[in-house]
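These notes are about the structure you will find just below.
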Amino acid sequence: MGFDEIKKQDKLYIANTYNRFPTDLECGKGATLYSSSGDKYVDFGSGIAVNTFGVNDEEWKSAVIEQLNKIQHASNLYYTRPQTELAQLLCEKTGAKKVFFSNSGAEANECAIKAARKYSFDKYGEGRYRIVTLKNSFHGRTMATLSATGQEGMHRYYMPFLEGFDYAEPTYEGVRSCCSQKTCAVMMELVQGEGGVRALNSDDVKKIAEFCRKKDILLIIDEVQTGNGRTGRLYAYEHYDISPDIVSTAKGLGGGLPLGATMFFGKCENVFAAGDHGSTFGGNPIACAGACSILKRIDKNLLLEVQGKSAYLFTHLGRIKNVLSVTGLGLMIGLETTKNARSVAEACLQRGLIVLTAKNKIRLLPLLNINKEEMDFALKILNEVISE
Ligand SMILES: *Cc1c(COP(=O)(O)O)cnc(C)c1O
């Protein structure tokens, strides 16, 4: 089946939810991808921050294949080694006490929302259930996480949305004034990804964390996109010198397989008892085996490299004509230009470079092991397209 045929079948049989770019992706190695027609691309999207070390990566593949040869699924009625190994790794690397595994970012956030309400119910009884999230945030597509998402444009059609979310301006004052006696948690991304790659102000975040601690309001950090080395630290909250109560993550954790994790720190450790929450697929042994190999590689050296590559890209992107701003953290980069973001992304694709968009920005999410040659190629193409 060639590309034209795939496109035709897609139009016939796939629900119309995606505005796809005009190519298929069939195979590749690292950051190099090929379409079925043989078009070659350098990938600066990583499948939306998922393929942490690119495609067809030897280490990740061998971890996955080794597990594939043992057992592909067991259900959570039984113990499986990759799941406990991954939970131990996550806890040792972050200081978290317990982990719940799911299959996606939305599910990791669902779990965080349920845990926050349960924590408050156990301690304070009914009525303290509200969660403050930020304007312009993105927390997922399920009914609860869509309700948590602070973007009016996304609150259409599917009424009624889940009750109990208050949307704050992304500042300390904004969050504080949204909190009440009924608030059980504040949930936020530290770099708003889908919202346009916007990092929160460090002072505001620290004050929010301090305020939450005093009021016993749980601080939930959504690290679905920012997590797993993406920002140059293992988790972005480390940049902000705060101690969250719950951290959700997904995307890059599985290195390409569906996997979500919700981590519970200190006082949330025992929020769930048997039967309170669960998942059929969550913590699948193959996904977890792959994730273990990914997490082990995100060490001090790799993070230093990510920081170096980030600095290189920020410097050179800032010099491109018609670039208005470069935002983000680490290898999560937003580019505001005088041009339409979608048109820039399409022009880049035509020239062999895959980039993403977020709102009115070009969004770059390269592999954590992207190399200099690939970065220079991306800079050259972006320069051609944006400055022309
Ligand atoms: C992508 C994303 C989600 C949703 O993840 P899914 O795996 O698509 O459910 C939630 N929060 C943030 C910050 C994200 O970037």
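The values are calculated or read from the model by the stated rules, or taken from the named source; none is laboratory data. The shown structure was predicted, so the numbers you read here are calculated from the model rather than taken from an experiment. Glycine also receives a Cβ, built like all others from the backbone with ideal geometry; neighbour counts cover every protein chain displayed. For the accessible areas, the whole protein counts, side chains as well, though only heavy atoms, and no ligand, DNA or RNA atoms are used. Shrake-Rupley method; radii C 1.70, N 1.55, O 1.52, S 1.80 Å.
Per-structure values
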{"read-out": "Residue among 186, 175, 205 that alone is crowded, with 20+ Cβ neighbours inside 10 Å, of a type outside the set (S, T, N, Q), free of Cβ contacts under 8 Å to residues at least 40 places away in the same chain and more than 12 Å from the ligand (Cβ to nearest atom)", "value": "205"}
{"read-out": "Members of the range 257-279 found to be within 16 Å of the ligand (Cβ to nearest atom) and crowded, with 23+ Cβ neighbours inside 10 Å, listed by number", "value": "259, 260, 261, 262, 263"}
{"read-out": "Residue pairs meeting the criteria (Cβ under 8 Å; at least 6 apart or on separate chains; first free of Cβ contacts under 8 Å to residues at least 40 places away in the same chain, in the range 114-134; second open to solvent by 40 Å² or more (accessible area, probe 1.4 Å))", "value": "121/129"}
{"read-out": "The lone exception for residue 117 - which of (1) over 18 Å from residue 244 (Cα atoms); (2) open to solvent by 10 Å² or more (accessible area, probe 1.4 Å) it fails", "value": "(1)"}
{"read-out": "Scope the range 288-324; condition more than 22 Å from residue 90 (Cβ to Cβ) and surrounded by 13 or more Cβ atoms within 10 Å (Cβ to Cβ); matching residues", "value": "309, 310, 312, 313, 314, 316, 317, 320, 322, 323"}
{"read-out": "Within the range 22-49, tally of residues that are in a loop (DSSP other than H, G, I, E, B) and open to solvent by 60 Å² or more (accessible area, probe 1.4 Å)", "value": "5"}
{"read-out": "Top-ranked residue of the range 291-338 - restricted to ones that are assigned to a helix (DSSP H, G or I) and of a type in the set (Gly, Ala, Ser), ranked as farthest from residue 261 (Cα to Cα)", "value": "318"}
{"read-out": "Matching residues, the range 220-248, being within 16 Å of the ligand (Cβ to nearest atom) and part of a helix (DSSP H, G or I)", "value": "237, 239, 240"}
{"read-out": "Residue satisfying all of: in the range 359-388; of a type in the set (A, V, I, L, M, F, W, C) and within 13 Å of residue 337 (Cβ to Cβ); surrounded by the fewest Cβ atoms within 10 Å (Cβ to Cβ) among these", "value": "386"}
{"read-out": "Of all residues making up the range 200-238, the number that are more than 16 Å from the chain's Cα centre (by Cα) and on the phi < 0 side of the Ramachandran plot", "value": "18"}
{"read-out": "Residue under evaluation residue 342, criteria (1) open to solvent by less than 70 Å² (accessible area, probe 1.4 Å); (2) touching a residue at least 24 places away in the same chain (Cβ under 8 Å), criterion not met", "value": "(2)"}
{"read-out": "Whichever residue in the range 126-149 is small (Gly, Ala, Ser) and within 12 Å of the ligand (Cβ to nearest atom) and, among such residues, is surrounded by the most Cβ atoms within 10 Å (Cβ to Cβ)", "value": "148"}
{"read-out": "Residue within the range 36-44 that is under 21 Å from residue 296 (Cβ atoms) and under 22 Å from the mean Cα position of the chain (by Cα) present", "value": "no"}
